[in-house]
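Single-structure report; data block below.
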Amino acid sequence: MERILIIGANGQIGSELVGALAAQHGAANVIASDIGTVNVYHAARYTQLDVLDKARLAQLVSDEGITQVYQ
């Protein structure tokens with residue numbers, strides 16, 4: 001089972017990826033993230049993430065068992 005993190009999910013491409021990957025892998029297996037606190041496209045799973053915070057990114061990948069990252 002794939003566990004997917006989408007960085008920049010509130011952007012134009014990220015918003016398309018969230019829906020397509022959630023349909024393919026299940027919404028519970030796709031985590032949308034962006035620097036903003038607001039989940040613009042109402043993804044099933046969303047977390048605020050500043051990609052420049054390497055420690056937070058590494059922790060999220062580890063905690064969630066992420067197997068794929070899209071940016």
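So here's what we get for this one:
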| read-out | value |
| --- | --- |
| Residue in the stretch 22-43 that is nearest to residue 4 (Cα to Cα), counting only those that are of a type outside the set (Phe, Trp, Tyr), more than 10 Å from the chain's Cα centre (by Cα) and part of a loop (DSSP other than H, G, I, E, B) | 26 |
| Among residues of the stretch 1-34, those that are surrounded by fewer than 18 Cβ atoms within 10 Å (Cβ to Cβ), at pLDDT 90 or above and polar (S, T, N, Q), counted | 1 |
| Residues of the stretch 2-18 satisfying the condition of being on the phi < 0 side of the Ramachandran plot, outside any strand (DSSP E or B) and either under 11 Å from the mean Cα position of the chain (by Cα) or among the hydrophobic types (A, V, I, L, M, F, W, C) (or both) | 3, 9, 10, 13, 14, 15, 17, 18 |
| Close pairs (9 angstrom Cβ cut-off, 6 or more residues apart or separate chains): exposed (fewer than 14 other Cβ atoms within 10 Å of the Cβ) in the stretch 35-63, among the basic types (Lys, Arg) anywhere | 50/56 |
| Selected residue (only one of 52, 57 is outside any helix (DSSP H, G or I) and over 10 Å from the mean Cα position of the chain (by Cα)) | 52 |
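The values are calculated or read from the model by the stated rules, or taken from the named source; none is laboratory data. Just so we're clear, the structure is a prediction, and the values are computed from it rather than from any experiment. Note that each Cβ is placed from the backbone with ideal geometry, even for glycine, and that neighbours are counted across all protein chains shown.
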